[in-house]
Each structure stands twice: as structure tokens, then as C-alpha cells.
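Trainee: To start, I am sharing the structure in question, which I have written as C-alpha cells.
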Amino acid sequence: MAQTSTDITSLQSSQATRQPRQRQMSDLRIMQLFILPTVILLILMNIFPLIYSLYLSFTNYSVIADKAPEWIGIQNYTTILSDQRFWANFATTGRYALISVILQTLIGFGLALLLRNKFKGSGLVTTLILVPMMLSPIVVATFWKLMFNPSLGIFNYLLGYTDINTSPLWLGDPNLALWAIVIVDVWMWSPFVMLLCLAGLSAIPEYLYEAAAIDRASAWFQFRRITLPQVMPLLLIAVLFRTIEAFKQFDLVMGLTSGGPGDVTETVSIRLYKLAFQGQYDTGMSSALAYIILIIIIAVSNLYIRSLNKARGA
Amino acid sequence: MSNIRLENITKRFREVTALNDVTFTIKDGEFFVLLGPTGAGKTTTLRVIAGLEKQDSGHVYFDAELSDQIPPAERDVAFVFQQYSLYPNMSVYENLAFPLRSPLRQTPEAEIKTRIHHAAEKLRISHLLERKTGKLSGGEMQRVSIGRAIVREPRVFLMDEPLSNLDAKLRESLRVELKHIQKTQNSTTVFVTHDQIEALTMADRIAVLDEGHILQIGTPFDIYDRPATTAVAQLVGTPKINLLPTVRQNGSLVVQNSTVQINTPAGGVPEEVLLGVRPEDVKLTENGRFNGTVALIEPLGVETILHIQAGGQTLLSIVPGATTHRLNEAVRFDVSETHLHFFDAQGVRVQSG
């Protein structure tokens, strides 16, 4: 009896000593550990640069000059907003974004309507249409630069121009260069709009169309009152994404024209790049420009998100 | 309003035959119910009539006019879908107005308004007219969906289980309402349901379907009183009909493993028959011919279902009101010999007497 009782006490004491060694982390602790790397990365790569560049945007500073940032208040902003060339950059970007997004939306939605009904090989066709979207923009730009080439490119040939003296210089003509970039962007990103629209279309229940058929609705009515409102939320998301991307458009323009000829295709991001990393390396001014672009994108996004919520709420 | 005739309709979906050589006529002004279990082909029949589904063979006639090639819009039918099928992003009013505003109908707005308010009143959805359909409950959507059909004056109303998503109370009142609307407008209606009570209470005639075949067509009384097969007999009537295997002995039919035996009916029956007895025809009486024990009691208020163990068989009996019988009590009972049903080994009714 005494033997057993000592056994039990020794067992209890061994359990008691084992417990602190096998210390369990609380759920909160584990959560924090998992989140920590991301938070550190975010602070280092996003939040610190964001705040630091906000500070720099109010200074006269160049990263290559051996001089500390000099506080000059809102002078960078006033310079940008009163400079004709910056306004021209914004106009170019706006025109480019508008035309490009409208064309992508129309073509993407149209393709989605065509591919909506399954036919033999429709899966393959859909995949093939999606290929441009999967390529790297700089690769796309390089390909199209070759295709636009007036003497050896295939683009003019396909359009029917065979005489180099009369054929259009897509990338060299100030009237065409922006359109050339739009063409490439539309070629590359219409599939994205199509993909989202296809998802939206496939979610529309067939019985709505059956009810409309019974009710003698016209095809136009079915499109306007059933198809369009049902696809609208996804379509708006596609348009939102494409608009933001178009405002930030850099790689395609850089690869195709570098902002030329002259500065007719100089979008704000190209201008930003030139300002920040060429010539004077004007870090202060480029930070200010970057903030202006950020504010515009946030404003435009908010407009979209508001209409998105409206389309959903209805 | 019009007659509709289906002639030898067969419809296959890949390997599955949904409808197999279905033929029937729906008369002008008739409330016609398609009754059957899930997968019987009821909805397919309705969709073939509407033209939403094209039959593989056979013909559909509207008023003796061959209508196989006529698209749904021109058949002038109203369809109440099981999934409501209301137009999203539109108010209830707009949904109801929609079929009337079709360019093919050209109804003046004033009349549209009167008709909608009239229909909304009948269906008790007047307070919902300005709401968007996405914010309605299932029962409300179902009523709007019925409303969209009754604002029109189509040749035929096609209703696909329109009451299935409603709660019991609402279902009952709408059942009465629908029957009333149908009778006052004298509209031809084809109504699909798997609920035998709906079928019996509403129909002028019922077609019982199973696995793409029509088992029986007749008035509710015919279907209940002279079921053509055991399947029909079991589908219609609650509690279910008692089906008892019998053997013939000395001019009597003896229910296997039990004390129950009856005289062989006049006209004769095959060697092996299934005896069908409705629960209301199993009567508990002091000096009944057979004995058994009460195995289970299900009180329903207005009546009580008694499960009576008689040998190896259990018979259901229905008695009015509450019962004084206790569980395991020995009872004596009779079966009413004028209301017996006989089915052969294949389950087909044997005509007797």
C-alpha cells in the first residue's frame, strides 16, 4: 500500500516537472509568429518607403547628390501642377486609359458572349485567347515592336500595305504612336475582361431566359434587363483593374516607344521614371509626382467601387 | 383558353428516357394535375407543352393546331417556375408588368396597373409591389411568380410545383386561392406536383406519371377509388393503402401470415393477388371477424391512425377523433368487402365485380 502511494506521488511529481518543459504556446502567440515576417516585410518594403517618400516629396533632394534633403514645402507640387508638360503627360495617360479600357471592355465582353455557348473546341479556343495575358509585358512589347516595324514587320503587311514609302509608321508617327500602344494593350488585356465576363455569364441561371421567352421579351430586353445587370459586378471589377493598370502603364510603353516620338506617348509613369532615374535623379520632385498619381488612382478606384456596390445592391 | 393534346411524346436526355410515349388531352377550362414522384417526367411534360423542351418524337397540339415548331413566346402560355424565375434588379411591380409590356401585347399602362393591383390583392402581395425581388422571402417570391402568370390571360397556365416552397399554412390558403382563381376565370391549367393532397384537392383530372409513363388518368375520385396499379394506389391517400399478399384456400383469399381472409370476389381473380385495403376500410368493431393487437397509435387530432398487428401483417386503420384503445390491446376488426382492390403479380389492377 505504501509502495503504491509513493509510486503515485513520484508519477505526479514527474508529470509536474515535465509540464513546464513541454510549454505550449498560446494561439495568440502562434498567430503573432506567423504574421510577424509579413508585417516586417510590409513595414520595410511598403510602409517605410510610403512615409519616407511623402517626406521627400516636400524636399529638394536627389539620391545621387551628396546633400541632405532640403525642406521646401509644397513647391514640388506647385511646380508639377503649373507645368504644361506634366499636364500633357496626364492628358496622354487619361486618353490612353480611356480608349484602351473602353476597347478592352467592348472586345472582352463581346468575346465572352461569343464563347458563352459551348461548341466543339470552345475550351481550346478560350485557352488560346487567354495566352496574350499570360506573357510578360516586356516580351509582348518586343514582339509587337518587330511586328510594327515598317520594313520587316507583319502588321502593315496584314493590313495590306506592301510599299514601305506609303505604309504607316506605327511607332514613329506622332498621330499613330499612342494608338499603337492601345492596340497592343487591347490585344494583351481584352482576354482578361473576357475571362471575368465569362465567369459572370456562366452564373446567370438559364431559367431567367426561359421566363423571358415565355413572357415574349425581345432579345434586346433579355440582354439589357437580364444579361447586363447580372454580369455588371464582374464587368466593373474588370474595368476597375484595367483602369488602374492603364494609369500605371509603364512596361508596354517603355518597350514600344519609351515615350516617343518626342513626348507624345509619354505617360505619367514614363515621366516619373525619367524624372526619378534619368538625368538629375530628382527624387523630391518624382516623389511628389508619385503621390499625385496615387491620389488620382485612389479617386478613380473609389468611383468604380461606389458604382460596383450600387450594381450589387440593386 | 384552349385544348391541348399531347400525342405519343417521347423525350430522352442522353441515356435517360424522361418521357415514354405519353399521350393525353387537356380540355378547355380544366384543372389538370400531373402527379408523380421525383423524376417521373412531370416537369419535362410541362416544358414540352411550353416549348422550352423539344420532344424527340410525338406531337403537341393547341386547339388541334400542330404546334411542334412554334417557339415558346408564340404559344401564349404562362409558366410558373419552381425556382421563381423573377427578374432581378426589378421591383415586384415591374416583374408583374413585364409580360404585359411585351411589344407583342401592347397593353395600355392604365390597364396594366389595374390588372397588377387585382392580382396582387388576390395573392396578398400588394404591400410588396415597390420592393426589389432580391429582398423577398421564398414564399413572397413564389407568390410574385404566380402573380406574373395570372396578370395575363394566356391560353394555358403551366405551374411547376408552385406551392412547394411555401410553409404549410400558406400552401393551404394559396391552394384554395389558386383553385378559386382557376374556377372563376375558367382558365386551362396544368399543375405539376408530387403532393397527392394538392392533386386530390385541386384537380378536375389527374394524370399519374412514373418513370416517364402515364400510369393512370382520371378524376381524383377515380384515382383514389380505382387505382390502376399498386404504384398509384400507394401514391394517393394518407395513410398509405394496406397491400397484403394473399393465397387462395377453399374459395377464400387468405392473407399470408395472418388471421384475415375474405371471400373470393365474383368474377374471379388470378392465383396470386395483392389485396389492397384503404385504412378507412379497416374498421374496428366489437364483434369483428378478425383479431389483432394495437401495435402503434398515431393521433392526428381529427382522426387517429392505428397500426394493427394481425399475425405477421400490420394493417393501418383510421378512426375518427381520439381513440380509447391502448397499446398492445387486443382488438377485433373487419374489412369492408365492397371497397377492396385486387392487383396481380405485376401490380396491375384486376377488374372484379
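Trainee: Could you give the nm distance between label points at B:ARG332 and A:ASN175, where each point is 7 Å from its Cα heading toward the beta carbon?
Mentor: Placing both labels 7 Å along Cα→Cβ, they lie 11.4 nm apart.
Trainee: Further, regarding this structure: When you take every Cα atom in the range A:79-313, what is the radius of gyration, and what is Dmax, the widest Cα pair distance, in Å?
Mentor: Looking at the range A:79-313, its Cα Rg and Dmax stand at 20.7, 70 Å.
Trainee: How much length is gained if the chain between A:ILE64 and A:LEU44 is pulled fully straight, taking 0.36 nm per residue apart and subtracting their Cα-Cα distance, in nm to one decimal?
Mentor: The span from A:ILE64 to A:LEU44 would gain 5.0 nm if fully extended.
Trainee: Determine which lysines satisfy two conditions relative to B:LYS42: a Cα distance under 17 Å, and not lying fewer than 8 residues away in the same chain.
Mentor: B:LYS11, B:LYS54
Trainee: Right, here's the next one. Using R₀ = 25 Å, calculate the FRET efficiency as 1/(1 + (r/R₀)^6) where r is the Cβ-Cβ separation of B:SER126 and A:TRP220; round to 0.05.
Mentor: The calculated FRET efficiency here is 0.20.
Trainee: Treat each spin label as a single point 7 Å out from the Cα along the C-beta direction, and report the B:SER164 to B:PHE221 distance in nm.
Mentor: Distance between label points: 3.1 nm.
Trainee: Name the helices (complete DSSP H segments) of chain A with a Cα length along the long axis of 24 Å or more and a Kyte-Doolittle mean of at least -0.5, or state none.
Mentor: A:84-116, A:177-202, A:228-248, A:283-313
Trainee: A follow-up question, please. Taking a virtual spin label 7 Å from the Cα of B:GLU280 along the C-beta vector, which residues in the range B:305-319 bring their backbone nitrogen under 16 Å of it?
Mentor: The answer is B:305-306, B:316-319.
Trainee: For the protein assembly as shown, what does the convex hull of the Cα positions come to per residue, in cubic angstrom?
Mentor: It is 350 Å³ per residue.
Trainee: Given the options A:GLU210, A:GLU245, A:GLU266, which has the most mean-square fluctuation in a GNM of chain A, springs set between C-alpha atoms less than 10 angstrom apart?
Mentor: A:GLU210
Trainee: Still on this structure, I have one more. Which value, in debye to the nearest 20, gives the size of the charge dipole of the protein assembly as shown about its Cα centre, when Lys and Arg are +1 and Asp and Glu are -1 at the Cβ?
Mentor: So the magnitude is around 1400 debye.
Trainee: Go ahead and collect, in residue order, the members of the range B:209-247 whose backbone nitrogen is under 19 Å from a label point 7 Å along the Cα-Cβ direction of B:LYS183.
Mentor: B:219-222
Trainee: Follow-up question, since we're still on this one. Once you average over the residues of A:216-226, how many Cβ atoms of partner chains fall within 10 Å of each Cβ?
Mentor: 4
Trainee: What is the mean number of Cβ atoms from other protein chains located within 10 Å of the Cβ atom of each residue in peptide B:78-84, rounded to a whole number?
Mentor: 4
Trainee: Could I ask something else about it? How about B:LYS135: which lysines have a C-alpha closer than 27 Å to its C-alpha, ignoring those fewer than 8 places off in the same chain?
Mentor: By straight Cα distance, B:LYS135 reaches A:LYS310, B:LYS113, B:LYS122, B:LYS169.
Trainee: Same structure, new question: Of the DSSP beta bridges with both residues in the protein assembly as shown, give the percent that are antiparallel, rounding to the nearest 5.
Mentor: Counting DSSP beta bridges with both partners in the protein assembly as shown, the antiparallel share is about 80 percent.
Trainee: Please identify every one of the chymotrypsin sites (Phe, Trp or Tyr not before Pro) in the range A:112-152 that sits in a loop by DSSP and has no more than 12 other beta carbons within 10 Å of its own beta carbon.
Mentor: In loop regions of the range A:112-152 (DSSP not H, G, I, E or B), the sparsely surrounded chymotrypsin sites (Phe, Trp or Tyr not before Pro) are A:PHE119.
Trainee: Determine which lysines satisfy two conditions relative to B:LYS240: a Cα distance under 16 Å, and not lying fewer than 8 residues away in the same chain.
Mentor: Filter leaves B:LYS283.
Only the coordinates and a few stated rules stand behind these numbers; no lab work does. Computed from a prediction, not measured in an experiment: that's the story for all the values here. As a convention, Cβ positions derive from the backbone with ideal geometry for all residues, glycine included, and neighbour counts pool all protein chains shown.
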